[in-house]
Amino acid sequence: MCSWFKRNGIGVTTADLYKAADLKLDIEDTGLANGTWDWIVCNHVLEHVNDYQKALHELGRILKPDGRLIISFPIDETLGTVKEDRNVDETERIRTFGQIDHWRLFGRDSEAMLRTAGFSVTRISGDGLPESIRPYTGPADYDVNYLFLCERAEKQQMCN
């Protein structure tokens, strides 16, 4: 993805807690100033963090009032809402959540969950798009082929 941005003359700052990146930060508490970013791309991160609601709150806080967030995460449309369990062993995590480092799956209420976190939401479907630009879908059978474009519901600072 960074290659596409660079080819198109768009500056990118990467962030990760564990892997090499421009910024080493925790998505639940970035330490960044309020309203820092015009765009944030958060691709398959929420299933890995301790507290996804705290992470969404933090993303809203660091997003500029007119900024945009593109976010995706594994969704199982047979689930009504998020399913998580921090107490399952590694084998059960793979079976239930699709990967050893996943703590949850999201359900059909994902758009509502994002709205509750303070965003207006547009779902973007990858169906019918060329393979080269389709949203990433994870290795599990349940994952769907769409992502969400989010803007702060109120064009003012969400958190202080």
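The values are calculated or read from the model by the stated rules, or taken from the named source; none is laboratory data. If you're wondering where the values come from, they're calculated on a predicted model, not measured in any experiment. Here the Cβ is made from the backbone with ideal geometry for all residues, glycine too, and neighbour counts use every protein chain on show. Accessible surface is based on the protein model in full, side chains and every heavy atom, while ligands, DNA and RNA are left aside. Shrake-Rupley method; radii C 1.70, N 1.55, O 1.52, S 1.80 Å.
Go ahead and set up a Gaussian network model of the chain, Cα springs under 10 Å, then flag whichever of D29, D109, D89 fluctuates most.
D89
Nothing charged except the Cβ atoms of Lys and Arg (+1) and of Asp and Glu (-1): what's the magnitude of the dipole of the chain about its Cα centre? Round to the nearest 20 debye. Don't skip to the answer; put the middle values down first.
Working: 19 positive and 26 negative charges, 117 e Å.
Here the chain has a charge dipole of around 560 debye.
Take W4, project a point 7 Å from its Cα along the Cβ direction, then tell me which residues of the stretch 17-44 have their backbone nitrogen under 13 Å from it.
41-43
How big is the chain on each of its three principal axes, counting only the C-alpha atoms and giving the largest first in Å?
39, 38, 31
Could you give the angle, 0 to 90 degrees to the nearest 10, between helix 52-62's Cα long axis and the longest principal axis of the Cα atoms of the chain?
Orientation of helix 52-62: about 10 degrees from the principal axis.
For a quick check: with amide H placed at 1.01 Å from N, whose amide H comes under 5 Å from G35's, ignoring anything fewer than 5 positions away on the same chain?
Under 5 Å from the amide H of G35: I62, L63.
Among the listed pairs K19/K83; K24/K64; K6/K64; K54/K83, which have their C-alpha atoms separated by more than 25 angstrom in this model? Numbers along the way, then the final one.
On the way: K19/K83 27 Å; K24/K64 20 Å; K6/K64 22 Å; K54/K83 17 Å.
As for pairs spanning more than 25 Å Cα to Cα, those are K19/K83.
Counting only residues 5 or more places away or on other chains, whose amide H sits under 5 Å from the amide H of F119 once H atoms are built in the peptide plane?
For F119, whose amide H was placed from the backbone, the distant partners under 5 Å are A153.
On a full-extension model of 0.36 nm per residue, what is the gain between D29 and L79, subtracting their alpha-carbon distance, rounded to one decimal in nm?
Values: separation 50, 0.36 × 50 = 18.00 nm, distance 2.85 nm.
Here the segment from D29 to L79 would lengthen by 15.1 nm.
With just the Cα atoms defining each centre, how far is the stretch 12-54 from the stretch 56-133? Give it in Å.
14 Å
Quick one: pull the percent of accessible area on the chain belonging to carbon and sulfur, 1.4 Å probe, ligands and nucleic acids left out. Please report the intermediate quantities before stating the final value.
Details: 4580 of 9420 Å².
It is 49 percent, rounded to a whole number.
Using label points projected 7 Å from each Cα along Cα→Cβ, tell me how many nm separate R95 and D109, to one decimal.
2.6 nm
Rolling a 1.4 Å sphere over the protein heavy atoms, what is the accessible area per residue of the chain, to the nearest Å²? Walk me through the intermediate numbers first.
Numbers: 9420 Å² over 160 residues.
Each residue of the chain exposes 59 Å² on average to a 1.4 Å probe.
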